[in-house]
Amino acid sequence: KGKPWVLSLQADKVASIQVMNGNLSYLSDMSPKLLETWRDQIEDENTKPTAEGWLFLDRMVTRNAPITIRNKPYRKGIATRKHVAFSVDLEGAYSKFTAAVGLLDEVMAVGRVDPRVRFVVKADGKELWRSELVSCESPAVPVALDVKGVKTLVLEVETEDPLDMLEYAGWGDARVVK
C-alpha cells in the first residue's frame, strides 16, 4: 500500500538488480559453522579449528576482494581452504539452494598447475549433490537444489591431494530462497 517505487538508473552502470523482499538469504549472512577440515592424517584430531582461517565470507582467501571464479566476481559467497565442511541452519524455512562453485582465481595466481576439488552438498545428513572433479580450467558449476523442509545444510570441499595447501574453493552467490 502506498505509492509504488520508481527507480531510475543508467543501464550501462548496472551489473544486476535483485529484489529480495526477505525471501532470499545469502549463506554468508547466516553464520555458517565450521564442522571439519583436512580429513586426513595431517590434522591433529584433538584440536578443533575455528572458522577463522578456513571460511572467508564475501571475500577471497588471501585478499580482501570479491570471490572470483573464472574471472567472474561474486559479491556474496563463501571461500574456503581445501577439504572443509561447514553447515548452515535452515530450520526448514527455505525451498531452494543455489550457488556457482569452482576453484578461486587466486589459485591460478599463485602458480598451481592443476589442483582439483569436488564440491558436496548434504541435507540433514543425506547427500543431495556431488560435483565432478573441478580444476582451474573448469567453468563455474551451477548448483540448484530443492531444500524444502531441510533443517541443516552442509557444504563440503574435498580434494584429491591432501598435501596441496593452495586449493581455494568458492561457493559464489550461495543462497537459499523461501
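The values are calculated or read from the model by the stated rules, or taken from the named source; none is laboratory data. All figures in this text were calculated on a predicted structure; none of them were measured in a lab. Counting neighbours? That spans all protein chains shown, and the Cβs are built from the backbone with ideal geometry, glycine included. With ligands, DNA and RNA removed, areas are computed over all heavy atoms of the protein, side chains included. Shrake-Rupley method; radii C 1.70, N 1.55, O 1.52, S 1.80 Å.
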Next item on the list: Residues being under 30 Å from E91 (Cα atoms) and at pLDDT 70 or above: count how many of those fall in region 1-44.
Entry: 14
Next item on the list: Quick one: P162 ticks every box in (1) touching a Phe, Trp or Tyr at 6+ places or on another chain (Cβ under 8 Å); (2) open to solvent by 60 Å² or more (accessible area, probe 1.4 Å); (3) modelled with pLDDT under 90; (4) farther than 16 Å from S28 by Cα except a single one, so which number is it?
Entry: (2)
Item checked: Residues that are aliphatic (A, V, I, L, M), buried (at least 16 other Cβ atoms within 10 Å of the Cβ) and free of Cβ contacts under 8 Å to residues at least 40 places away in the same chain, drawn from region 52-98 -> L55, L57
Next item on the list: Show the residue pairs that are 6+ apart or on different chains and have beta-carbon atoms under 7 Å apart, the first residue being within region 118-130 and touching a residue at least 40 places away in the same chain (Cβ under 8 Å), the second being charged (D, E, K, R) and part of a strand (DSSP E or B).
Entry: R118/R130; R118/E158
Next item on the list: Search region 119-159 for residues being over 21 Å from K96 (Cα atoms) and not in a loop (DSSP other than H, G, I, E, B), and hand back the single one that is modelled with the lowest pLDDT.
Entry: T159
